[in-house]
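Okay, so here's the structure we're looking at.
The values are calculated or read from the model by the stated rules, or taken from the named source; none is laboratory data. Owing to the predicted nature of the structure, the values given are computational and were not obtained by experimental measurement. Every residue, glycine as well, gets a Cβ built from its backbone with ideal geometry; the counts of neighbours run over all protein chains shown. When the accessible area is computed, the model is the full protein with side chains, heavy atoms only, and any ligands, DNA or RNA have been set aside. Shrake-Rupley method; radii C 1.70, N 1.55, O 1.52, S 1.80 Å.
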Amino acid sequence: MEWKTVSLVAAGFAAQRVTQTVLDGFYARSGYPVPYYTGQLSFSASKLSGWYTGMERDGTLDVYWQTQFVDFAFIAATALFFTALLFAVARAFPAGSGGRTFARRLIWFGLAAPLLDVLENLLSFVMLPDPGAISPVVALLYSSAAALKFACFFAVYLWAAVGLTTAAVVRIRGRRAAATA
């Protein structure tokens with residue numbers, strides 16, 4: 001694999017880790033009362049209202065608002081990392097192979113999770129102005145976007161592991177076949 005591809009993956013990974021650390025600090029300062037994934041996957045307007053009004057009562061809802069904006073840096077870093085990672089998986093397969101063609105088709109997943117995260121944030125902006133009156137429909141859409149986002153995260157990581165392993169096996173078998181020919 002070329003050094004440019006590896007460098008891009010490393011830069012994306014580093015950016016994602018740094019922004020995740022900053023984002024975690026904002027979540028902690030906001031006093032969000034449950035792990036973020038618990039809130040995002042609650043599918044409950046009443047639970048979200050309770051958590052948001054609790055932060056409003058404690059005077060930290062403004063920090064939570066800021067957290068949503070900081071999340072956009074994490075989203076951008078994730079888009080870079082996932083797209084570079086999936087590109088690297090595709091490049092790991094031999095040129096012209098079916099594996100490379102298939103892997104190229106999966107690169108769009110690098111943007112799916114970040115785009116769903118953007119949708120989730122936009123829906124939180126609908127809920128936050130009046131935390132005591134969150135629409136059940138908006139809460140359902142918010143949690144659905146989060147669930148799909150997490151599923152895409154899982155798919156990217158799973159495919160990266162499976163794809164890189166498969167590409168290595170394909171390349172090893174190709175070298176062995178060439179050596180015995």
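Descriptive notes on the structure:
- Distance between modelled label sites at Thr5 and Val138, nm, 7 Å Cα→Cβ extension: 4.4 nm
- Per residue accessible area in Å² of the stretch 37-139, where ligands, DNA and RNA are left out and the probe is 1.4 Å: 44 Å²
- Long-range tail of P(r) for the stretch 3-180 (Cα pairs > 21 Å, %): 55 percent
- Semi-axes of the equivalent ellipsoid for the stretch 45-150, Cα gyration tensor, largest first, Å: 37, 14, 8
- Helix-only arithmetic for the chain: the sum of -39500 (n - 2.57) across DSSP H runs with n ≥ 4, divided by the residue total, places the mean residue ellipticity at 222 nm at -29000 deg cm²/dmol.
- Toward the positive end of the charge dipole of the stretch 97-175, with +1 on the Cβ of Lys and Arg and -1 on the Cβ of Asp and Glu, the farthest Cα among Ile107, Ile172, Val118 is that of Ile172.
- Relative contact order (percent, whole number), the stretch 3-180, Cα cutoff 8 Å, 6+ residue spacing: 28 percent
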